[in-house]
Amino acid sequence: MAEPIESKPAPQLRIVVLISGSGTNLQALIDAQNSFDVNAKIVLVLSNRKAAYGLIRAADASPPIRTAYLALQPYLKANPDNTRDDYDAEIARIVLRARPDLVVLAGWMHVFGDGFLNLVNNAPQRAEE
């Protein structure tokens, strides 16, 4: 008789959410994460606006969600030799450091160029844990 196959539980889906404003879409994701039996966790909320209320929603979540902020104009002012693609690439690096399985643009009011897309699309897949 064959031995029963033990299945390992699937690793928790890691989600990064990008926002620009009040975070109502983010709040719906937080509520869903906390209300349903989902095998997913929001691991980072990133905003391109310092005053985005969604950053407060993330910090006030239970448990609190890590936040980050990087705006285009302050970035370019601090890095005068850099371009918009460099900014997009820096956003991608911040996202990728969180090791996401899924990136959600939940009200993100910024069109990404190749700097972001090339890095995110070519990132190695997260290894099974």
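If I ask for residues that are farther than 25 Å from S22 by Cβ and open to solvent by 80 Å² or more (accessible area, probe 1.4 Å), which ones from the stretch 89-129 would you list? R93, R97, R99, D114, N118, N121, N122, P124, Q125, E128, E129 - these are the residues of the stretch 89-129 that are farther than 25 Å from S22 by Cβ and open to solvent by 80 Å² or more (accessible area, probe 1.4 Å). Scanning the stretch 72-106 for residues that are among the small types (G, A, S) and under 21 Å from I15 (Cα atoms) gives A89, A92, A98, A106.
A residue that is under 20 Å from L119 (Cα atoms), buried (at least 17 other Cβ atoms within 10 Å of the Cβ) and among the acidic types (D, E) occurs somewhere in the stretch 79-88. Here N121 meets the list (1) at pLDDT 95 or above; (2) within 23 Å of Q12 (Cβ to Cβ) almost entirely, failing just condition (1). Restricting the first member to the stretch 50-64 and to residues that are closer than 16 Å to Q33 by Cα and open to solvent by 90 Å² or more (accessible area, probe 1.4 Å), and the second to residues that are at pLDDT 95 or above and among the hydrophobic types (A, V, I, L, M, F, W, C), the beta-carbon pairs closer than 8 Å and six or more apart or on different chains are P64/A58.
Annotation note: Cβ proximity below 6 Å between a residue of the stretch 16-44 that is at negative phi and of a type in the set (S, T, Y) and a residue that is open to solvent by 40 Å² or more (accessible area, probe 1.4 Å) and part of a helix (DSSP H, G or I) (sequence gap 6+ or interchain) occurs for S22/Y53.
When restricted to residues that are touching a helix residue (DSSP H, G or I) at 6+ places or on another chain (Cβ under 8 Å) and exposed (fewer than 15 other Cβ atoms within 10 Å of the Cβ), the stretch 25-49 contains 2. Figure legend. Inter-residue proximity from the stretch 1-12: first residues at pLDDT 75 or above, second residues aliphatic (A, V, I, L, M), beta-carbon distance below 6 Å, spacing 6+ or different chains. No pairs are indicated.
Looking at the stretch 36-129, the helices (runs of 4 or more DSSP H) lying wholly inside it that each contain 3 or more residues that are more than 17 Å from the chain's Cα centre (by Cα) sit at 72-78, 84-97.
The values are calculated or read from the model by the stated rules, or taken from the named source; none is laboratory data. Source: prediction; values computed, not measured. Quick reminder, even Gly has a Cβ in these numbers, built from the backbone with ideal geometry, and neighbours come from all protein chains shown. Just so you know, the surface numbers come from the protein's heavy atoms only, side chains and all, with ligands and any DNA or RNA stripped out. Shrake-Rupley method; radii C 1.70, N 1.55, O 1.52, S 1.80 Å.
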